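The values are calculated or read from the model by the stated rules, or taken from the named source; none is laboratory data. A quick note: this is a predicted structure, and the numbers were derived from the prediction, not measured. Counting neighbours? That spans all protein chains shown, and the Cβs are built from the backbone with ideal geometry, glycine included.
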Amino acid sequence: MADHEARAQVDAPADGIPTIRWEEPPEGPVLVLLDQTRLPAEEAEYVCTDPPSLVEAIRTLVVRGAPVLGIAGAYGVALAAARGFDVDEAAEALAAARPTAVNLARGVRRAQGAYHRALAGAASVAASTGPDAEDSAGTADQVALAAAVAALAAARALHREDAQASDRMAAHGLALLGELLPGGGHRLLTHCNTGALVSGGRGTAFALARAAHDRGQLRRLWVDETRPLLQGARLTAWEAARAGMAYTLLTDNAAGSLFSAGEVDAVLVGADRIAADGSVANKVGTYPLAVLARYHHVPFLVVAPVTTIDPDTPDGASIEVEQRAAHEVTEVTSPSAGGAGGPGGGMSVAPLGTQAYNPAFDVTPPELVTAIVTEEGVVSPVTAEALSELCGRS
């Protein structure tokens, strides 16, 4: 495939949602993000001209969701190389921006590895030609350019692969739903946001719900609003409305009454990290849904790419869970002002000085997970051996 064809394939946004794209204006390359903190009030763009601005965008949730964080991390390395920053320093800052999401560090390391391999290769070629002193500066520039091009190519490749993985996850998940819930007319409950906003394609769990909708098999999508930053209310509902899906928003603590009334056929969630034993770290509030699902004999499905499985994390207790600022709980911020801004930016809903427990994620043990759906197939029952075999195949 020619480079311009690959670029067009990557930059075409899924469902018209321009979540992330690389641009090269005359003043230098930039990474353009759809600012998710401002949705649904406005579709504003956030332009990153350097690695620190991208780190800030990741930390403040301008861009969020495990798969797209991997893509952003890879593009961040390419941005550092193209703009003349210290690539390794930028890579470390990017990888540490959100510690729970394993895809972020993996995307960073992939582009960083491509950069260094190209750097070494180009330097070796240059040395073998034996340039004189007058040409040495030009040769150094050529070596740096070759390495920057390689980092960008790695980021673009990851972007394409994630889009393809999204479609394959949806196909595998749709087949599984057909086995678990024959007859269609599914009433599916989801938590947080797992659509095109978190992916190079249509997403993870939301992509499966969207596939059911496209086949006429979705009766209702129940959308948890997802406290405290309302990713379900602000983002998933926004995507569902754009897709013309039948959806209903509910407060997180109303889910139990839906299960009790028999109104949920299956739960679909994504993942930010899956440990080697099958423990799943996902947006806080996921674990209670898994407990409810088990009690009410409802399938609980985790939809995530293989890159989210981390064999180096042995179990759920080993997953580092990000703790976020108290003001996200003690204040309510208007989406138009940025939903994850700094303290004092919103209306206080708790007495001044109130302490808040605000983990970004919780961990669901494998015994509560009916199946993990990946682009390489379905793992059920969820065991360390089955995950290891899946990772070995992929």
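Key figures for this structure:
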| quantity | calculated |
| --- | --- |
| First in region 249-264 and in the same structural domain as ARG227 (by TED's automatic domain parsing), second anywhere and of a type in the set (Val, Ile, Thr) and in a loop (DSSP other than H, G, I, E, B), Cβ under 8 Å, 6 or more apart | ASP252/THR226; ALA255/VAL264; LEU258/VAL264; PHE259/VAL298; VAL264/VAL298 |
| Qualifying residue in region 176-187 (condition: within 20 Å of PRO305 (Cβ to Cβ) and either within 14 Å of the chain's Cα centre (by Cα) or modelled with pLDDT of 95 or more (or both)) | yes |
| Region 274-289 residues that are hydrophobic (A, V, I, L, M, F, W, C), paired with ones that are crowded, with 24+ Cβ neighbours inside 10 Å and part of a loop (DSSP other than H, G, I, E, B) (beta carbon under 7 Å, 6 or more apart) | ILE274/ALA304; VAL280/ALA271; VAL280/VAL369; ALA281/ALA271; ALA281/ASP272; LEU289/HIS191 |
| Single match in GLY200, GLY184 (criterion: part of a loop (DSSP other than H, G, I, E, B), at positive phi and either in the same structural domain as LEU268 (by TED's automatic domain parsing) or not acidic (Asp, Glu) (or both)) | GLY184 |
| Count of region 187-197 residues which are touching a Phe, Trp or Tyr at 6+ places or on another chain (Cβ under 8 Å) and part of a loop (DSSP other than H, G, I, E, B) | 3 |
| Residue match in region 275-296 (condition: assigned to a loop (DSSP other than H, G, I, E, B), surrounded by fewer than 23 Cβ atoms within 10 Å (Cβ to Cβ) and in contact with a Phe, Trp or Tyr (Cβ under 9 Å, 6 or more places away or on another chain)) | yes |
| Of the criteria (1) within 19 Å of the chain's Cα centre (by Cα); (2) touching a residue at least 60 places away in the same chain (Cβ under 8 Å), which one THR226 fails | (2) |
| Hits in region 297-309 - residues which are surrounded by fewer than 21 Cβ atoms within 10 Å (Cβ to Cβ) and under 21 Å from the mean Cα position of the chain (by Cα) | VAL306 |
| Region 90-106, residues that are touching a residue at least 24 places away in the same chain (Cβ under 8 Å) and more than 18 Å from GLN323 (Cβ to Cβ) | ALA90, ALA93, LEU94, ASN103, ALA105, ARG106 |
